[in-house]
């Protein structure tokens with residue numbers, strides 16, 4: 001995928017029909033390559049982020065600017081191949097974007113903000129985006145879902161057996177971590193800790 005820059009891992013666990021390279025700055029962009037921004041309408045504060053050159057196998061290369069969510073060591077950044085070989089996932093300061101490299105105007109934001117960890121599950125063809133209280137999953141055909149709340153603040157994934165993810169979530173009432181399970185094939189969960197609505 002190209003050289004890895006400090007703090008921005010490049011993960012190509014899934015097969016991909018493109019090459020991607022992280023650019024140090026916009027000054028390295030070739031003037032003939034079209035620039036796409038994610039999100040398309042940038043807020044005033046969205047001036048920092050990641051620049052990538054994406055070269056699909058059967059079409060012209062393009063440049064993507066992926067706006068950063070937060071400048072913090074607690075949130076994730078990285079570049080990931082997706083379960084679908086024409087799609088790319090970019091996580092920039094806790095904000096995640098999935099993009100069709102053959103048509104960059106076809107993209108979707110991952111509804112987990114901020115993302116604090118990304119985990120590749122090759123056997124199930126999934127990307128997992130862990131937040132502070134829930135987990136969002138991206139699968140084939142860009143199917144996404146988000147778990148129920150699993151924690152007051154803080155999730156740890158302990159492992160995956162078959163389709164069952166095992167983890168713990170912090171419970172503010174007991175000040176302890178509480179076990180939970182998620183069936184990654186259905187999205188249904190049990191256990192965990194969540195504030196009770198009154």
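Observations on the model:
- Estimated inter-spin distance, residue 166 and residue 70, nm [label 7 Å along Cα→Cβ]: 2.9
- Mean projection area, nm², convex hull over Cα of region 10-110: 6.3
- Stretchable slack from residue 41 to residue 143, in nm (0.36 nm times residue separation minus alpha-carbon distance): 34.3 nm
- Among 179, 76, 60, the largest mean-square fluctuation in a Gaussian network model of the chain, built with springs joining Cα atoms closer than 10 Å, belongs to 60.
- Using every pair of distinct Cα positions in the chain, the Kirkwood expression returns a hydrodynamic radius of 17.5 angstrom.
- Extension gain (nm, one decimal) between residue 11 and residue 55, 0.36 nm per residue minus Cα-Cα: 14.2 nm
- Mean separation of Cα contacts under 8 Å (6+ apart) over length of the chain, as relative contact order %: 13
Read-outs throughout are calculated quantities, based only on the coordinates presented, and are distinct from any laboratory measurement. Given the structure is predicted, the values throughout are model-derived calculations rather than measurements. Don't worry about glycine lacking a Cβ; one is built from the backbone with ideal geometry, like all the others, and counts go over all protein chains shown.
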